[in-house]
Amino acid sequence: MKPKACLIIEQIAGNIRECAWELASLAQLEFFRETYDWIALIAGNNIERAATLFAEKTGIEVYALCDRLLENFSGEGFVRAYSTAVQQIKPYFIFASHTPLGCDVAPALAIVCNMDYFPSLQCLTRKNEILFAYRERLNGKINEEITITEPAICTIMPGVFPIFNTAKLSGKVSIVNIDTGKIKSIPAAPNYSPQSGAELSNAEVIVSAGRGVGNSENMEHLRNLASLFSRAAIGGSRAACDMGLVDYGLQIGVTGRIVSPKLYFACGISGSAQHIAGMKNARTIVAINRDESAPIFRIADIGVIDEVEKFIPVFIEFVQKK
Amino acid sequence: MNILVFIKQVPHVESSFEISSNGSTIEFSSQTAYAINSYDEYALEEALILSEKISHTIITVVTIGRQDAETALRRALAMGAHFAYHYVTENESIFSSAQKAKILSQFAKNHPFDLIITGTMSMDSAHAAIGPMIAAHLSIPWATHIIALDVNPIAKEIRATREIDVSTRQSITLPLPALISVQSGINRPRYPTLSHTLRAKKQEIYKIALNEHPHQHSQCRFLLPPRTKETFLLRGSREENARALYEYLRARSFL
Ligand SMILES: Cc1cc2nc3c(=O)[nH]c(=O)nc-3n(C[C@H](O)[C@H](O)[C@H](O)COP(=O)(O)OP(=O)(O)OC[C@H]3O[C@@H](n4cnc5c(N)ncnc54)[C@H](O)[C@@H]3O)c2cc1C
């Protein structure tokens, strides 16, 4: 029998989250598929349908960890459920997603199960029987190569691994009733309220603001830039939203909107993995940043090393004279 | 109410650095500006907001860091924290998240607290691990990625709202003592006032010796990230760059 490895599959109200399919693709990488027997753990209440769907699409065996107290997410309840399963399965590896829900449970699970913790991984390869992983430091300016030793829990940055699920045979589904026992947390049901910003999906050109735009007066330059194009819209990084430069509905990235316009201007955006995951499929990427080593320049087609607020007016003037 | 806020000092994103030839260390240039990790500033601000609403609230900030991380603690005091503790180490980055969580949970065991607030992650390593690890060590309930917080000191509970993505939120009620980690944008961190800054200069910072020793359990090597595209970088004058960008976009029928 092969050693076991687990995936932590996120669901909300019975719907499997996008990041879960990425983990499934990872488990299907040749060396992972051949070395381990994979078990996907889904915790919740009334999740049989989600568990079956996941098993059918991926061919991976699923344990549905069920309890009334797991109806809504709490780190406490879910760690209880996963650790019960982990004690039984004794996996060499556990992969979770580096997402708000994944990062709520995985570090605590590492402590409870006494496993090493390797968060935020973006790439995994095996060379000479050693498993190497890569992750970012300094918002993507530096790449860190680490060796992964088992038993370990790893979190995988969402939006990095492409999804391919080609299962011919469904995986087995086992319902495991969990006795969560007493938990102190009282979680409420998640609340979905779609934000503004639908125009971003149809825009052919997106002019996106980052922290480097500095203040809302400078947003005028970005709006002027956008007005040079038809079907253009304004977006922003998380930092731009936090600064009040653009609405949260216009946040581009893994936890915001995923966009693929023909032309994307990244203005004063450093290029963190969470942002890039939301815009890397833009056909042409223009980056304007004063720091030559900003990681956004590594994925841009054309880059201007300059101050946003100084360069854009000069550019607009040049275009208007033509 | 007693609140512990765990903070970290990090280099500014635009800092220049060099990776040593064997890839084992990152050397920052001597002009590097260090500051409180911005997520931790949000954490401290949230504690300060609570202290304005709930009388007799004491805020204690704690850091693990180099001697010069004292600057971050002084800034936290100037923002309004009451006490500051410093675990001094010459190289904070060789401690794993798990080791740091153990050190900080030990601190929490020796100092009374009702609430622990941390930032969701640090800007430099982005592991987002310490908060839930500390909660697990202390066997207290926790919630991460919090963007709204309400404390009921009489019922001794908090109601926190987490952001799962920009359109999906979830509220959770936790009895105290509890731990939360806050997401960016939960508040607008204040600037220290002059009088607070002057007072903070004189305040004592309690230094604690680190008994824990880092153990290098995994090999690690730093590299520059790969380029995914052949980027056309414009390094000319502003006017030359404007022309080059215009021609580039024109050739692709954008303009
Ligand atoms: C759970 C979670 C989810 C997240 N999801 C997202 C997401 O969906 N989308 C997202 O964007 N982020 C997300 N983030 C945040 C992300 O990690 C980064 O912090 C964020 O993307 C940084 O935004 P920024 O590039 O605008 O700011 P910074 O990283 O601060 O970069 C600013 C850049 O501007 C440059 N600059 C400064 N001044 C100027 C100037 N005058 N002219 C030109 N350039 C200048 C600097 O050199 C720097 O490169 C998430 C974080 C967490 C914890």
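The values are calculated or read from the model by the stated rules, or taken from the named source; none is laboratory data. Since we're looking at a predicted model, the values are computed, not measured. Neighbour counts are summed over all protein chains in view; Cβ atoms, including those assigned to glycine, are modelled from backbone coordinates with ideal geometry. Note: accessible area is taken over every heavy atom of the protein model, side chains too, but ligands, DNA and RNA are not part of it. Shrake-Rupley method; radii C 1.70, N 1.55, O 1.52, S 1.80 Å.
Checked against the criterion of being within 13 Å of chain A (Cβ to nearest Cβ), surrounded by 15 or more Cβ atoms within 10 Å (Cβ to Cβ) and at pLDDT below 95, region B:187-207 has no qualifying residue.
Against the list (1) in a helix (DSSP H, G or I); (2) within 14 Å of chain B (Cβ to nearest Cβ), the condition A:ALA96 fails is (1).
Pairs please, first residue from region B:222-237 and more than 7 Å from chain A (Cβ to nearest Cβ), second anywhere and outside any strand (DSSP E or B), Cβ atoms under 7 Å, 6+ apart in sequence or on different chains. If the second residue must be outside any strand (DSSP E or B), the pairs left are B:GLY236/B:ALA244.
Of all residues in region A:77-128, which are over 18 Å from B:LYS100 (Cβ atoms), in contact with a Ser or Thr (Cβ under 7 Å, 6 or more places away or on another chain) and more than 16 Å from the ligand (Cβ to nearest atom)? Scanning region A:77-128 gives A:GLY77, A:ARG80, A:ALA81, A:CYS113. Among residues of region B:1-17 that are without any contact (Cβ under 8 Å) to a residue 12 or more places away in the chain and facing chain A (nearest Cβ under 9 Å), those with a Cβ under 9 angstrom from a residue that is open to solvent by less than 40 Å² (accessible area, probe 1.4 Å) and part of a loop (DSSP other than H, G, I, E, B), sequence gap 6+ or separate chain, pair up as B:GLU14/A:SER270; B:GLU14/A:ASP291; B:GLU14/A:ALA294.
The single condition among (1) more than 9 Å from the ligand (Cβ to nearest atom); (2) more than 11 Å from chain B (Cβ to nearest Cβ) that A:ALA232 does not satisfy is (2). Scanning region B:96-126 for residues that are away from the ligand (no atom under 16 Å from the Cβ) and more than 13 Å from every other protein chain (Cβ to nearest Cβ) yields B:ILE103, B:GLN106, B:PHE107, B:ALA108, B:LYS109, B:ASN110, B:HIS111, B:PRO112, B:PHE113, B:ASP114, B:LEU115, B:ILE116.
For region B:145-169, give me each residue that is away from the ligand (no atom under 14 Å from the Cβ) and among the β-branched types (Val, Ile, Thr).
B:VAL151, B:ILE154, B:ILE158, B:THR161 - these are the residues of region B:145-169 that are away from the ligand (no atom under 14 Å from the Cβ) and among the β-branched types (Val, Ile, Thr).
For region A:199-218, which positions are of a type outside the set (Gly, Ala, Ser), surrounded by 24 or more Cβ atoms within 10 Å (Cβ to Cβ) and near the ligand (Cβ under 8 Å from one of its atoms)? Within region A:199-218, A:VAL213 is the sole residue that qualifies.
Against the conditions (1) of a type in the set (A, V, I, L, M, F, W, C); (2) facing chain B (nearest Cβ under 7 Å); (3) over 12 Å from B:LEU234 (Cβ atoms); (4) open to solvent by less than 20 Å² (accessible area, probe 1.4 Å), A:PHE318 satisfies every one except (4).
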